[in-house]
């Protein structure tokens with residue numbers, strides 16, 4: 001028998017009791033983690049999103065020096081990093097569920113998944129690098 | 001007729017109702033906000049790089065089209081926030097009574113209008 005991979009594999013229900021491997025386009029057995037990720041990031045995004053909107057509003061119509069000064073602080077920089085991480089993870093889970101509902105063709109869904117992962121990785125890496133660069137003062141005011 | 005797959009009821013077999021409309025709106029605003037994340041990441045990069053790139057980014061954002069887009073994203077943000085809280089309440093098993101569902105739905109719409117209005121009132125009167 002395979003090694004247990006998730007908690008549902010070690011419950012009392014065994015192969016002979018339930019059809020564990022749903023055939024064809026059935027459950028992939030690993031959706032719970034993504035469902036939970038969507039909820040945890042949703043909860044995190046309530047304060048993070050409100051903080052970000054309030055911060056942007058308090059900056060004088062996006063004068064660059066003020067933004068740089070704001071993101072030079074440890075707490076703002078950290079919160080914006082958390083915001084980007086949570087928002088991108090939340091967006092990834094949400095868009096994946098939309099693809100699952102509307103993209104039926106196998107090749108199209110593969111391409112959609114590939115593009116989504118690539119875009120998420122690029123956006124995460126570049127925005128974190130941007131915040132880090134401002135925070136470390138490697139950018140002229 | 002081809003066999004229907006997943007979301008197929010709306011709009012052909014379903015009568016319009018606020019519950020399904022709000023549910024679809026939650027997804028549409030989610031997509032809009034995902035696109036907004038690209039702009040947000042770009043804006044952060046432009047602040048880090050500075051110079052001409054920041055000036056250009058700022059010029060686009062404060063232009064009429066940019067402002068309309070920002071207004072749209074603010075509506076999407078506040079709607080998705082309020083509607084998301086409603087969804088989290090459902091996840092916790094709260095508010096399933098049909099009358100409560102309708103009331104919270106209209107509440108989400110009212111809160112969206114209120115929060116968006118207050119935000120832009122603050123921006124425009126500053």
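Summary table
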read-out: Check on residue A:94, closer than 28 Å to residue A:46 by Cβ, in a helix (DSSP H, G or I) and within 7 Å of another protein chain (Cβ to nearest Cβ); value: yes
read-out: Residue check for residue A:75: over 18 Å from the mean Cα position of the chain (by Cα) and at pLDDT below 95; value: no
read-out: Those residues of the range B:37-77 which are facing chain A (nearest Cβ under 9 Å) and closer than 22 Å to residue B:116 by Cα, in sequence order; value: B:37, B:38, B:40, B:43, B:58, B:61, B:62, B:74, B:77
read-out: Residue in the range A:121-128 that is more than 9 Å from chain B (Cβ to nearest Cβ), over 25 Å from residue B:25 (Cα atoms) and within 11 Å of the chain's Cα centre (by Cα) present; value: yes
read-out: Filter pass, residue B:27 being assigned to a helix (DSSP H, G or I) and more than 24 Å from residue A:48 (Cα to Cα); value: no
read-out: Filter result for residue B:84 (surrounded by 13 or more Cβ atoms within 10 Å (Cβ to Cβ) and either touching a residue at least 12 places away in the same chain (Cβ under 8 Å) or more than 9 Å from every other protein chain (Cβ to nearest Cβ) (or both)); value: yes
read-out: Of the criteria (1) at pLDDT 90 or above; (2) at the interface with chain B (Cβ under 10 Å from one of its Cβ atoms); (3) touching a helix residue (DSSP H, G or I) at 6+ places or on another chain (Cβ under 9 Å), which one residue A:60 fails; value: (1)
read-out: Filter result for the condition that a residue is over 24 Å from residue B:53 (Cα atoms) and more than 8 Å from chain B (Cβ to nearest Cβ), over A:65, A:118, A:77, A:86; value: A:86
read-out: Hey, residue B:66 surrounded by fewer than 18 Cβ atoms within 10 Å (Cβ to Cβ), under 9 Å from the mean Cα position of the chain (by Cα) and assigned to a helix (DSSP H, G or I) or not; value: no
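The values are calculated or read from the model by the stated rules, or taken from the named source; none is laboratory data. Bear in mind that the values here come from a model prediction, so they are computed numbers and not experimental data. Don't worry about glycine lacking a Cβ; one is built from the backbone with ideal geometry, like all the others, and counts go over all protein chains shown.
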